[in-house]
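K.L.:
Please find one structure pasted underneath; my questions will follow.
The values are calculated or read from the model by the stated rules, or taken from the named source; none is laboratory data. What you see is a predicted model, and the numbers here were worked out from it, not measured in a lab. With ideal geometry, Cβ positions are generated from the backbone for all residues, glycine too; neighbour counts draw on all protein chains shown. Quick note on the areas: whole protein, heavy atoms, side chains included, nothing else; ligands and nucleic acids left out. Shrake-Rupley method; radii C 1.70, N 1.55, O 1.52, S 1.80 Å.
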Amino acid sequence: MKIYTRLTLLKPNFFQKLLKKSPKDNFVIELQNLLEENENNIFAIKPIDLESLRQKYSVKQNEYKESRIALLEKYRYFCFSNGGFSEENKKQALYLCELLDLDKNELKKQIYEENKKRFSSEIKDLIRINKISDSLLYEINNLQEKYEISDNDKKEIFSNIKDEIYKKKVLVIISNEKITDAERTELSKLREILNINETEGRTIYSKECQSKIQSFVNQLLQKRRMSPNEENHLYEMIKNLNVTASFNTLNLQQFRRFWEVENGSLEPIMSPINLQKNESLYYSARIDWYEERTKTTHVSYSGITLNSRIVKGLSLRSGMIFPNRHTEEYMKLIDTGDIYFTNKRIIFVGNHGNKTIPLSKVMFITPFSDGVEIGKDVGKKPFFKYSDVEIMCLYLARLLKEA
């Protein structure tokens, strides 16, 4: 990867040609070209080379400072983007800074700040992927020496990143959804290195475990089903991570029931009504039975009429008048009572009478937010108004499938 790009010198304008002068900006161009030729060995450029360029273009010592800073910045950026400053690169950078008559202390400060960032980043990676041991501590000390980080700055860096480091280590350990005694010991050693007390460590650990458990619970909530295997997996995870998890168990119990209705073995329930031979009851609920009705809202008339005067004060109207009936549909409450789903029929026992729909007559079911519409092959489509629509539909769909 090249640091500098070779540039073409600017051509003199009309007046510069008359005065036999070169464009002054060529000083910066020639300086960059000189660096391009020697970018692998900055020491090959001597102070006298720069002085010759200044004299050639009549450039004073303090001129083109921003351009000189930009040339130094290119070298600094190259070193940072290629793994940081090696000892040799650092020496060349400081020498270049001196050549360009720039502040070496400012460059040293920039290098040190960058080294602190690299030290912090490498520490995070070391702890995340390695076990906490004496050899790891040795590597940390080597990094401190490599980047020439002072003890005070090391403490400050650890203070700023300790929670992040500990969190990442916890995430690595609980990635397999359990924690061993050896891993507990490892976390204890890490807390000691990072100066994290046990309470702080426990808080971070519990938070990350809870987040992992909640992520699994969210998957169940999204699909609204929980199989026996998923239920066992959830509670094994909580046990193996040794944490107290908080989530909505009522929802999960409901989703467990949904799964059983769809996939498990349906168990008959005790029936309060007489059933046919080989008929079993599986579901019952208290509902309102509605049916669609039509009513006339008003009547209007249209047609052509003709008034004929017979005598003064008396006229005869003739023609044809057609009545137009305006109607609207509405849901009428037919009855309130108990609905029963068996393996053969839908049975309704109401306050005003009983109704039966054989499962063989049901063509489709349409769930709504407040109930279920039953589509039959003939006749009106009853609507069962009920709050727990989902479980009603699941039972009915399962019985229709197996009928």
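K.L.:
Expressed as an acute angle from 0 to 90° and rounded to the nearest 10, what is the orientation of the C-alpha long axis of helix 134-146 relative to the principal long axis of the chain?
P.N.:
50
K.L.:
Enter the accessible area per residue of segment 95-157 (Å², integer; probe 1.4 Å; all protein chains in place). Walk me through the numbers on the way to the answer.
P.N.:
Details: 3760 Å² over 63 residues.
So segment 95-157 comes to 60 Å² accessible per residue, rounded to a whole number.
K.L.:
Evaluate the charge dipole of the chain about its Cα centre and quote only its size in Debye, nearest 20, assuming +1 on the Cβ of each Lys and Arg and -1 on the Cβ of each Asp and Glu. Mind showing how you got there, number by number?
P.N.:
Values: 65 positive and 57 negative charges, 424 e Å.
So the dipole magnitude of the chain works out to roughly 2040 debye.
K.L.:
If you fit an axis through the alpha-carbon atoms of helix 151-173 and take the longest principal axis of the Cα set of the chain, what angle between them do you get, 0 to 90°, nearest 10?
P.N.:
With rounding to tens, the tilt is 30 degrees.
K.L.:
Now a separate question. Can you give me the distance in nm between label points at T249 and K20, each placed 7 Å from the Cα along the Cα-to-Cβ direction?
P.N.:
10.0
K.L.:
Tabulate in residue order the Karplus-calculated ³J(HN,Hα) for segment 248-260, using 6.51 cos²θ - 1.76 cosθ + 1.60 with θ = phi - 60°, rounded to whole Hz; enter x for Gly and Pro.
P.N.:
Values per residue, Gly and Pro as x: 6, 6, 5, 4, 5, 5, 5, 5, 5, 5, 4, 4, 5 Hz.
K.L.:
Report the one residue of N115, I213, N130 whose Cα lies farthest in the direction of the positive end of the charge dipole of segment 85-215 (charges on C-beta: Lys and Arg +1, Asp and Glu -1; origin at the Cα centre).
P.N.:
Result: I213, furthest along the dipole toward the positive end.
K.L.:
To continue, here is another question. Treating the beta-carbon of each Lys and Arg as +1 and of each Asp and Glu as -1, no other charges, what is the dipole magnitude of segment 1-82 about its Cα centre, to the nearest 20 debye?
P.N.:
Values: 15 positive and 10 negative charges, 75 e Å.
Using Cβ point charges on Lys, Arg, Asp and Glu, segment 1-82 gives about 360 debye.
K.L.:
Check which residues have an amide H placed less than 5 Å from D335's amide H, if you skip close sequence neighbours.
P.N.:
Result for D335 returns W289.
K.L.:
At a 1.4 Å probe radius, carbon and sulfur cover how many percent of the accessible area of the chain? Present the calculation step by step, with values, prior to reporting the outcome.
P.N.:
Details: 12210 of 25060 Å².
After summing per-atom areas, the C and S share lands at 49 percent.
K.L.:
Mind checking the per residue accessible area of segment 221-265 for me, 1.4 Å probe, whole number of Å²?
P.N.:
Details: 2780 Å² over 45 residues.
For segment 221-265, the solvent-accessible area averages 62 Å² per residue.
K.L.:
For helix 47-57, report the angle its Cα long axis makes with the longest principal axis of the Cα atoms of the chain; keep it between 0 and 90° and round to the nearest 10°.
P.N.:
80
K.L.:
If you average the sequence gap of Cα pairs under 8 Å that are 6 or more apart and divide by the length of the chain, what percent do you get for the contact order?
P.N.:
8
K.L.:
Order M226, M363, most accessible first, counting only protein heavy atoms with a 1.4 angstrom probe. Intermediate results must be reported in sequence, preceding the final value.
P.N.:
Details: M226 5, M363 125 Å².
Ranked list, largest accessible area first: M363, M226.
K.L.:
Quick query: amide H of R345 versus all other amide H atoms, modeled in the peptide plane; which residues come in under 5 Å with a sequence gap of 5 or more or a different chain?
P.N.:
Result for R345 returns L359.
K.L.:
Here's another thing I want to ask about it. Hey, what number do you get for the chain at 222 nm if only DSSP H runs of n ≥ 4 count, each worth -39500 (n - 2.57), divided across all residues, to the nearest 500? If you can, show how the numbers build up before the last one.
P.N.:
Details: 13 runs with 204 residues, N = 403.
Taken over the chain, the calculation gives -16500 deg cm²/dmol.
K.L.:
Top to bottom by accessible area (1.4 Å), largest first, where do F80, F341 land? Let's see the in-between values first.
P.N.:
Details: F80 25, F341 0 Å².
Per-residue accessible area, sorted high to low, gives F80, F341.
K.L.:
Do the alpha carbons of any pairs in K60/K90; K108/K169; K74/K104; K162/K223; K380/K401; K332/K355 sit beyond 26 Å of each other, and which pairs? Provide the component values of the computation, followed by the final result.
P.N.:
Details: K60/K90 28 Å; K108/K169 33 Å; K74/K104 16 Å; K162/K223 38 Å; K380/K401 22 Å; K332/K355 16 Å.
Exceeds cut-off: K60/K90; K108/K169; K162/K223.
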